[in-house]
1. Could you compute the FRET efficiency for Lys90 and Ile116, with r as their C-beta to C-beta distance and R0 at 25 Å, rounded to 0.05?
2. Per DSSP H run of n ≥ 4, the term is -39500 (n - 2.57); total these for the chain, divide by its residue number, and report the mean residue ellipticity at 222 nm rounded to 500 deg cm²/dmol.
3. Zone of Asn264 (label point 7 Å along Cα→Cβ, backbone N under 19 Å): which residues in region 10-30?
4. Cα to Cα, under 17 Å, and not fewer than 8 places away if on the same chain: which aspartates and glutamates meet these conditions relative to Lys28?
5. Would you calculate the volume per residue, in Å³, of the smallest convex hull containing every Cα atom of region 22-70?
6. Roughly what would the spin-label model give for Ile306 and Thr321, points 7 Å off Cα along C-beta, in nm?
7. Please work out the Kirkwood hydrodynamic radius for region 122-274, using every pair of different C-alpha atoms, and report it in angstroms with one decimal place.
8. Sort Ser346, Ser262, Ser44 so the one with the fewest other Cβ atoms within 10 Å of its own Cβ comes first.
Amino acid sequence: MADIYINYGIDLQEMTFELMDAAKVADKLDPTMKVGIKPNLVVSRSADDGATTHPEIVEGIIKYLQAFGIHDITILEGSWIGDNTKRAFKNCGYTDLAEKYGVKLLDTKEDKVVKIKNKNVLLNVCESALNVDYLINVPVLKGHCQTGMTCCLKNLKGCIPDSEKRRFHTMGLDNPIAVLGTVLRPSLNIIDSVCGDLSFEEGGNPVTANRIILGFDPVLLDSYGAQLMGFGPDDIGYLRIAKNYGAGKYADIDTDILELNSENRPKTITQHSSAVKRLSGYIEADSACSACYAALIYALDKTGGIKDEKIKIGQGYKGKTLSGPGVGNCTAGCGSYVKGCPPKASDIVDMIKNWR
Ligand code: SF4
């Protein structure tokens, strides 16, 4: 068993099914189980904008569960305070999905609340998230204007009522998110890293990576996701606290990562948002894989570019002798390059800072 499974491509439904198969998820399932699926539908916006979970991923999960005889499936979510969950279900494609596969939709804003105390914090948690036998967390890996990033742990905030979401902000967000991560323990996490937003939870600047990531430890996955976005895990306050509370461990050199279809990583597709276009000005790309390019975009967002030097990236540079900085093993012919295939954004951040 690996710790983290990654799949690359554009057929999200098929990729999700392959990941669950590779991780042998069925070994832990029983047809009598009540399963909850928690996507990120923070706003009523298409997944292509970088804020919400692609419905094709949830469709892959449902198909996998139903193939193993599981039929009591509920998609549960509560959008952020400024939006209406039912509108999000409809606009994001989940109402159609529920009808097609006969699964239930539950707006956690209307759910009963259970009080749970841990780490000296009393939390109000939606009952349905606690009552399922198997909870599948399906967050989006994306930027967040207050916490830096959001992924597995922060996605669980959709399982508390609106009044509690407001109270989390008065409590400083990081600690209550970490405590929530100790009381609500997803059985499985499948991360939508297809085109998560550069820096805001509500989308608008999607960064194409064409990737889905699966694992069981939300802290491990979030710490890995933080590095993919150019952070050190300790840069993310709630992650640091969650680890100290024993909610999981950080990814490190001993973390076993299994990549599927790495030879078929899609190439960069045209970036459409103005923020991503601006950062692309610091790059000289030639047939770059989208996951590699996304890492560089996230790193440039944190550092700015290198003055008078464009950073080379892409398979077109393979085997060539080059000058200037490069990113990824394909640019090994550069004077200096960041190793990895794809490399982590956190390593690219270090290279750019040291270049100056
Ligand atoms: S190093 Fe080359 S092959 Fe590897 S992800 Fe980057 S562009 Fe693709």
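Derivation of every value follows stated rules applied to the coordinates shown; laboratory data play no part. Remember, it's a predicted structure, so these values are computed and weren't measured experimentally. Ideal geometry is used to build each Cβ from the backbone, glycine not excepted, and the neighbour counts take in all protein chains shown.
1. 0.20
2. Result for the chain, helices only: -9500 deg cm²/dmol.
3. From region 10-30, the list is 10-24.
4. Asp3, Glu18, Asp72, Asp133, Asp217
5. Expressed per residue, the convex hull around the Cα atoms of region 22-70 is 90 Å³.
6. Taking the simple label geometry, Ile306 and Thr321 are separated by 1.9 nm.
7. When all Cα pairs of region 122-274 are included, the Kirkwood radius is 16.1 Å.
8. In order of increasing Cβ crowding within 10 Å: Ser262, Ser44, Ser346.
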